[in-house]
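Comments concern the structure below.
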Amino acid sequence: MHLKINAASAKLPLSRKGRKFVVVPSHHLRNGIALLVVLRDLLKVVHTRREARFILREGKVFVNGKKVNDENFSLVLFDLFALEGKHYRI
């Protein structure tokens, strides 16, 4: 499911220009950031959604010690995010 970027939460660190749609997080709609947004826009690990799906399906992404396969998974405050040996705290 997608949401127009102008209707998205202003807390998301996204530019309002350049994209028309943004991915909706699976839960915590106001305070959460979708995993795809973190991988693509914040960390710039991948360039496209297709690349993000490939990384997720390989099982390289862990959130709070659990393997995550959904690009809509919501990351909230103090979540531990691990990608290929690097650890991040949201």
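The values are calculated or read from the model by the stated rules, or taken from the named source; none is laboratory data. Here the structure is a predicted model, which means the values were calculated and not measured. In this analysis, Cβ positions are derived from the backbone assuming ideal geometry, glycine residues included, and neighbour counts consider all displayed protein chains. To get the accessible areas, we keep the full protein, side chains included, count just its heavy atoms, and leave off ligands, DNA and RNA. Shrake-Rupley method; radii C 1.70, N 1.55, O 1.52, S 1.80 Å.
So which pairs qualify, if the first residue must be in the range 47-76 and touching a residue at least 12 places away in the same chain (Cβ under 8 Å) and more than 15 Å from Val37 (Cβ to Cβ), the second must be of a type in the set (Phe, Trp, Tyr) and open to solvent by less than 70 Å² (accessible area, probe 1.4 Å), the Cβ gap must be under 8 Å, and the two must be at least 6 apart or on different chains?
Every condition considered, the pairs that remain are Phe62/Phe81.
Any residue in the range 58-69 that is assigned to a loop (DSSP other than H, G, I, E, B), open to solvent by less than 80 Å² (accessible area, probe 1.4 Å) and under 25 Å from Ser15 (Cβ atoms)?
Applying the first criterion (assigned to a loop (DSSP other than H, G, I, E, B)) to the range 58-69 yields 59-60, 64-65, 68-69.
From the residues that got through so far, the ones that are open to solvent by less than 80 Å² (accessible area, probe 1.4 Å) too are 59-60, 65, 68.
If we keep only those that are under 25 Å from Ser15 (Cβ atoms) as well, we get none.
No, the conditions are met nowhere in the range 58-69.
Exactly one condition in (1) at pLDDT below 90; (2) open to solvent by 20 Å² or more (accessible area, probe 1.4 Å) is false for His87; which is it?
(1) is the only condition that His87 fails.
Looking at Lys11, Lys17 in this structure, which one is assigned to a loop (DSSP other than H, G, I, E, B), of a type in the set (D, E, K, R), open to solvent by 70 Å² or more (accessible area, probe 1.4 Å) and touching a residue at least 12 places away in the same chain (Cβ under 8 Å)?
Lys11
Could we say that Phe81 is open to solvent by less than 20 Å² (accessible area, probe 1.4 Å) and either aromatic (Phe, Trp, Tyr) or touching a Ser or Thr at 6+ places or on another chain (Cβ under 7 Å) (or both) here?
In short, yes.
Give me the residue from the range 20-38 that is aliphatic (A, V, I, L, M) and modelled with pLDDT of 80 or more and, out of that set, surrounded by the fewest Cβ atoms within 10 Å (Cβ to Cβ).
Checked the range 20-38; the qualifying residue surrounded by the fewest Cβ atoms within 10 Å (Cβ to Cβ) is Val23.
Tell me, which residue of the range 41-57 that is closer than 20 Å to Leu14 by Cα, among the basic types (Lys, Arg) and out of contact with any strand residue (DSSP E or B) (no Cβ under 9 Å at 6 or more places or on another chain) is most open to solvent (accessible area, probe 1.4 Å)? Lay out the reasoning, then the answer.
Taking the range 41-57 as the starting set, the residues that turn out to be closer than 20 Å to Leu14 by Cα are 41-52.
Within this subset, residues satisfying the condition of being among the basic types (Lys, Arg) are 44, 49-50.
Filter again for out of contact with any strand residue (DSSP E or B) (no Cβ under 9 Å at 6 or more places or on another chain), leaving 44, 50.
Numbers: Lys44: 144, Arg50: 195 Å².
Ranking the candidates gives Arg50 first.
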